[in-house]
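Throughout, read-outs are computed from the coordinates displayed, never taken from laboratory work. Just so you know, these numbers come straight off a predicted model, no measurement behind them. Cβ coordinates were reconstructed from backbone atoms using ideal geometry, including for glycine residues, and neighbour counts include every protein chain displayed.
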Amino acid sequence: MAPVTSDRMEVRSSDDVVRVRQQVRARALEVGLSLVDQTKIVTAASELARNMLDYGGGGVATIEVVSDGIRRGLRLVFDDQGPGIADIQLALKDGFTSGGGLGLGLGGAKRLCNEFSIDSKPGEGTRVTCARWK
Amino acid sequence: MIARPQSNLLAATLAEQGTTILSVWSDRLKKSGALASGRIREAELQTQCRTVLDLLTPAVKDGVDAAQPAFAPLRDFLADLSRSRAVQGFTPSETATFVFSLKQPLFEAVSGTKGADPTDVMRTTWDVTQLVDALGLQTIETFQKSREETIIRQQREIAELSTPVVKLWDGVLALPLIGTLDSQRTQVVMENLLESIVSESAEIAIIDITGVPTVDTLTAQHLLKTVSAARLMGADCIISGIRPQIAQTMVHLGVELNVVSKATLADAFALALKRVGRTVVAVKARELPAS
Ligand SMILES: Nc1ncnc2c1ncn2[C@@H]1O[C@H](COP(=O)(O)OP(=O)(O)O)[C@@H](O)[C@H]1O
Ligand SMILES: [Mg+2]
């Protein structure tokens with residue numbers, strides 16, 4: 001399932017998080033997601049991009065328009081080479097934060113998407129993938 | 001560094017044919033529409049051309065490497081020129097054309113030098129190409145940088161402008177938020193609100209987020225902090241303008257603001273007035289014909 005389009009965006013600052021959001025919104029519109037779904041995926045992108053910046057030391061966001069032949073969707077990949085997440089279950093728990101946040105970002109992003117997965121090795125980095133289908 | 005100590009055809013050409021080069025160059029500029037935009041007057045353009053040639057003539061005496069100290073005055077002048085052009089609203093190509101259009105007059109002058117050795121002419125033509133290209137690129141870079149600086153400055157200005165705390169009634173303040181809330185700007189905005197609460201002895205502060213495109217957990221955290229700080233200063237907050245799609249998203253995130261919220265700023269204002277013991281009533285219809 002090759003992506004229809006793929007945007008690769010570096011996330012090194014707060015402004016980059018804003019840019020990722022804007023690009024995700026533009027692509028979501030293109031895919032034809034409803035206003036609610038657009039808002040959901042943009043918000044999930046904001047959470048994951050910010051985590052990558054705050055906890056992963058920055059990284060790369062990839063925004064892909066994908067199609068499975070029947071439906072189109074948006075798949076987002078957030079890749080960093082930070083410290084990784086030792087306990088993924090704990091990190092997903094609502095209210096858990098190691099950095100003074102609300103601790104709702106990861107769990108929230110998962111609830112805002114149709115597909116969600118975290119791949120992380122301590123010391124090597126974290127990859128979070130999520131998708132929202134039309 | 002490409003030094004030309006033997007014979008310096010370029011230096012000689014500039015010294016001897018400076019006036020011709022100047023008039024050919026400014027003619028070319030005029031023909032290519034440099035004055036058409038009306039952003040620059042003919043006399044000013046003429047002065048700029050003359051200054052470039054005046055600075056170029058001594059600079060090429062020891063070589064044509066634009067990075068050398070001899071070119072510093074010319075580089076500075078071109079940097080100033082492109083900065084001012086960026087501010088005046090010139091396009092990048094108009095600005096670059098100013099420099100690049102110097103090539104042709106220089107080529108003509110060099111090749112028209114009587115008795116010049118053809119090899120020397122060719123080599124000098126190549127030198128001119130490289131030199132003018134280097135100067136042109138530097139001009140574009142400065143232009144670009146000035147544009148970026150302008151954008152950053154405007155962003156800051158907009159950030160300050162777009163976050164006024166407005167007094168709606170005695171004791172009632174409103175903060176209409178517009179744009180993204182995850183920059184340093186949020187800090188400024190929230191501090192402004194808290195200061196105004198104190199100076200106006202406000203009882204109620206309405207935070208309107210109609211103009212906020214995304215409410216993520218960071219934005220929510222800023223809002224929560226503001227609401228509790230306001231509470232400490234003796235004011236209650238009402239949040240208005242949470243659009244349906246944002247409300248839904250907040251539910252999924254699991255964010256609870258624990259504060260009174262209203263769909264619109266008008267609803268929030270009506271509630272605020274009620275809290276401070278006021279109400280808005282319709283003016284009684286005057287002398288309506290009895291029916
Ligand atoms: N990319 C990442 N790299 C390392 N740790 C992460 C990453 N993303 C999330 N985490 C960990 O997961 C925790 C929970 O994240 P989140 O739910 O977004 O809450 P918050 O950002 O408010 O802390 C973070 O505090 C952090 O410890
Ligand atoms: Mg987070």
For the range B:243-248, Karplus-derived ³J(HN,Hα) couplings (6.51, -1.76, 1.60; θ = phi - 60°; whole Hz; x for glycine and proline) come out as 6, x, 5, 6, 4, 4
Once amide hydrogens are built 1.01 Å from N within the peptide plane, the residues lying 5 or more places from B:Asp208 or on another chain with amide H under 5 Å from its amide H are B:Leu175, B:Leu177, B:Ser240
The ratio Rg/Rh over the Cα atoms of the range A:1-70, Rh being the Kirkwood inverse mean 1/r radius, stands at 0.99
Among B:Ala66, B:Thr125, B:Gln138, the residue whose Cα sits farthest towards the positive end of the charge dipole of the range B:66-138, when +1 is placed on the Cβ of each Lys and Arg and -1 on the Cβ of each Asp and Glu, is B:Gln138
Set A:Lys40/A:Lys121; B:Lys30/B:Lys145; A:Lys40/B:Lys167; A:Lys93/A:Lys134; B:Lys145/B:Lys225, cut-off 29 Å on Cα-Cα distance; pairs above it are A:Lys40/B:Lys167; B:Lys145/B:Lys225
If every Lys and Arg gets +1 and every Asp and Glu gets -1 at its Cβ, then about the Cα centre the range B:166-275 yields a dipole, in debye to the nearest 20, of 160
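For peptide A:11-17, how many partner chain Cβ atoms fall within 10 Å of a residue's Cβ, on average?
Values: counts 0, 0, 1, 5, 4, 0, 5.
Across A:11-17, the average partner-chain Cβ count within 10 Å equals 2.
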Within the protein assembly as shown, the cysteines whose Cβ lies no closer than 4.7 Å to any other cysteine Cβ are B:Cys49, B:Cys237
Percent antiparallel among DSSP beta bridges confined to the protein assembly as shown, nearest 5, equals 70
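How much length would be gained if the chain were fully extended between B:Lys114 and B:Asp80, taking 0.36 nm per residue of separation minus their Cα-Cα distance, in nm to one decimal?
Details: separation 34, 0.36 × 34 = 12.24 nm, distance 3.62 nm.
Gain on extension, B:Lys114 to B:Asp80, equals 8.6 nm.
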Sorted largest first, the C-alpha extents of the range B:166-275 along its principal axes in whole angstrom are 36, 29, 21
In whole Hz, the Karplus estimates of ³J(HN,Hα) for the range B:264-272 (6.51, -1.76, 1.60; θ = phi - 60°; x where Gly or Pro) are 10, 4, 4, 4, 5, 5, 4, 5, 4
Each label sits 7 Å from Cα toward the beta-carbon; between B:Glu42 and A:Asp94 the label points are separated, in nm, by 7.5
If amide H atoms are modeled at 1.01 Å from N in the peptide plane, then the residues at a separation of 5 or more from B:Asn8, or on another chain, having amide H under 5 Å from its own are none
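Could you work out the mean count of beta carbons from other protein chains within 10 Å of each residue's beta carbon in A:35-42?
Values: counts 4, 6, 3, 2, 12, 5, 1, 5.
What the average comes to for A:35-42 is 5.
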For the pair B:Gln187 and B:Gln68, the simple spin-label estimate (label points 7 Å beyond Cα toward Cβ) gives in nm 4.9
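Return the calculated 222 nm mean residue ellipticity for chain A, to the nearest 500 deg cm²/dmol, obtained by summing -39500 (n - 2.57) across DSSP H runs with n ≥ 4 and dividing by the residue count. Present the calculation step by step, with values, prior to reporting the outcome.
Working: 4 runs with 52 residues, N = 134.
After summing the helix terms and dividing by the residues of chain A, the value is -12500 deg cm²/dmol.
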Looking only at aspartates and glutamates whose Cα falls under 20 Å of B:Lys114's and that sit 8 or more positions away or on another chain, we get B:Glu16, B:Asp127
In whole Å, largest first, the alpha carbons of the range B:1-90 cover along the principal axes 45, 26, 16
The ³J(HN,Hα) series, computed from each phi in the range A:120-125 with the Karplus coefficients 6.51, -1.76 and 1.60 at θ = phi - 60°, rounded to the nearest Hz and given as x for glycine or proline, is 8, 10, x, x, 10, x
Note on chain B: the mean projected area of its alpha-carbon convex hull, in nm², is 27.5
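The range B:24-96: which trypsin sites (Lys or Arg not before Pro) are DSSP loop and have at most 15 other beta-carbon atoms within 10 angstrom?
On the way: sites: B:Arg28, B:Lys30, B:Lys31, B:Arg39, B:Arg41, B:Arg50, B:Lys61, B:Arg75, B:Arg83, B:Arg85; in loops: B:Arg39, B:Arg41.
Answer in residue order: B:Arg39, B:Arg41.
From the alpha carbon gyration tensor of the range A:3-133, can you work out the equivalent ellipsoid semi-axes (sqrt of 5 times each eigenvalue) and give them in Å, largest to smallest? Kindly include the intermediate steps, with their values, before the conclusion.
Working: eigenvalues 109, 45, 37 Å².
Gyration-tensor ellipsoid for the range A:3-133: 23, 15, 14 Å.
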Cβ-Cβ cut-off under 13 Å around A:Lys121, Lys and Arg +1, Asp and Glu -1: the net charge is -4
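In units of 2.2 N^0.38 Å, what is the alpha-carbon radius of gyration of the protein assembly as shown? Could the numbers behind the result be given before it?
Numbers: Rg = 31.2 Å, N = 425, 2.2 N^0.38 = 21.9 Å.
This ratio for the protein assembly as shown stands at 1.42.
Return the calculated 222 nm mean residue ellipticity for chain B, to the nearest 500 deg cm²/dmol, obtained by summing -39500 (n - 2.57) across DSSP H runs with n ≥ 4 and dividing by the residue count.
Working: 10 runs with 173 residues, N = 291.
Value at 222 nm, helices only, nearest 500: -20000 deg cm²/dmol.
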Cβ density ranking, 10 Å radius, fewest first, applied to B:Thr129, B:Thr19 yields B:Thr19, B:Thr129
